[in-house]
1. Please report the accessible area of residue 373 (heavy atoms, 1.4 Å probe, ligands and nucleic acids excluded) in Å², nearest 10.
2. Which cross-chain or sequence-distant (5 or more) residues have an amide H under 5 Å from the amide H of residue 172, H modelled 1.01 Å from N in plane?
3. Hey, got the dipole for segment 154-270? About the Cα centre, +1 on K and R Cβ, -1 on D and E Cβ, debye to the nearest 20?
4. Averaging sequence separations of C-alpha pairs under 8 Å and six or more residues apart, then dividing by the length of segment 324-394, give the relative contact order as a whole percent.
5. Starting from the amide H of residue 188, placed 1.01 Å from N in the peptide plane, find each other amide H under 5 Å away whose residue is 5 or more places distant or on another chain.
6. Pop out the ³J(HN,Hα) list for segment 162-171 in order, Karplus 6.51 cos²θ - 1.76 cosθ + 1.60 with θ = phi - 60°, rounded to Hz; leave Gly and Pro as x.
7. When the Karplus curve 6.51 cos²θ - 1.76 cosθ + 1.60 is applied with θ = phi - 60°, which whole-Hz ³J(HN,Hα) does each residue of segment 153-160 get, with x for Gly and Pro?
8. Quote the relative contact order of segment 282-386 in percent (integer), defining contacts as alpha-carbon pairs under 8 Å separated by 6+ residues.
Amino acid sequence: MNTRHCPNILALIIITASLCACGDDTQGYTNNPNDNQNNAVNNATNNADNNDDNNDDNDGPNNDINNDNNDDNNDLNNSPNNNDDNNDNNSPNNDSGNNGPGDDPDMARAQEAFDAVAEGLDEARFDTPEAMEAWAGFSAPNLMLASLTPRLEWETLKTLWTEMGNDGLPDCPQTEGLDENGNEASPLGLVGGCTDFTGAQWSGSWLPVTGAFGSIRYVYDDFGVRRPVDGCLDAISDYRLNGVLDIVPGPSGATFEPTITYQQEGADPQEDCLPSRFTLAFSGQFSSQDQQEEIERDGMTQQTNTSVYNSQALVAMRDDEHEGIAMVSTQNEHTNSDICQSEALEGSTTFTTDTQEAIITYDGRIDCDPASTVTWTLDGMDQGTLEGVGCAIGQRTAPKPWLPIIFALVALVLVRRRTPKNA
């Protein structure tokens, strides 16, 4: 399977790619290939907004996030692992009304899991293109969607169930917050401990808790899905998520505040099915805002939606080839598949340690390249281009341990599409 061109079918189940759709392999499956992916973000944001509407105080505690082309991200600097004397009180996730991890057992567990990954790691190095490719997949839209992995898994499973001609909802995983028609009456929750109709085994839980000022907290308690790796005989992919995600409403959109640890074991279908292990921890703040702009298509002026992302997060990563810890900051990354399907339109992501600074710059608005190229610098010196960065799914910049999950879902979708309804 050639995934370098990121067919639309992947966009349905993408875990770590930016909000883009590439290719046209969607016939007979869905009218909008981004539905599941966009719904994951929109539903989560709308749930927070709805909570805020029911709260007399509409000024969320994190409204100093500004999506209007921030020149800097100073408001995002309070990462849980910043080494200052007031660390416990400066975590961005503590703004939802908690005084510190000691008063917040969920955050305390999330911080403990983060520290376990970061312990012993040296600062990341960006000396080679290969090293930069390993880090390029951790920009704001990728990590935001990684935070929503449980919802993306559910949206994909629910779509497959419906496409097979079934009524109602799958009986695994167990769900919370849905009415008799399957619509969200309150924020969605998922509980595993069962095997779904595809044979995948769900474990742990992903459950919402309503917070202060209309915010919502999702708690990940060993949430994961275990399934075969497509194309790798007898290989199993098994991942686990732990941590918290606070979604805080604001006047210009919701702010996502994750402290999440992701651990995965499996096999890499792009590397002769060799065993692979991967651990990622990230903690910080992310924001997204949609804006309308006009484009010319077929001689007509059309309105189209552009998503703008900003973030700052401390990221700790270990895989089979690379490891390290770095601050990763995305500044005004614009994505719009109507304008460029293969890469982000503009903006940048900066990767910072005590000794190095690497910057990736997106240019899809003026140079939309099917190879998803970006330019990058290291400590101010031009380093040329990298490929496969714009639509990271299934490409070199997608964190390789996520690929078994992606390939498994792709294979599942393709098989179900070929299965007659009610078969």
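1. 20 Å²
2. 197
3. It works out to roughly 260 debye.
4. Contact order relative to length: 26 percent.
5. So residue 188 has HN proximity to no qualifying residue.
6. So the Karplus estimates, Gly and Pro as x, are 5, 4, 7, x, 7, 8, x, 10, x, 8 Hz.
7. Karplus values, whole Hz, x for Gly and Pro: 4, 5, 4, 5, 4, 5, 5, 4.
8. Value for segment 282-386: 17 percent.
The values are calculated or read from the model by the stated rules, or taken from the named source; none is laboratory data. Quick caveat, the model's predicted, so the values are computed rather than measured. Note that we place each Cβ from the backbone using ideal geometry, even for glycine, and neighbour counts take in every protein chain shown. To get the accessible areas, we keep the full protein, side chains included, count just its heavy atoms, and leave off ligands, DNA and RNA. Shrake-Rupley method; radii C 1.70, N 1.55, O 1.52, S 1.80 Å.
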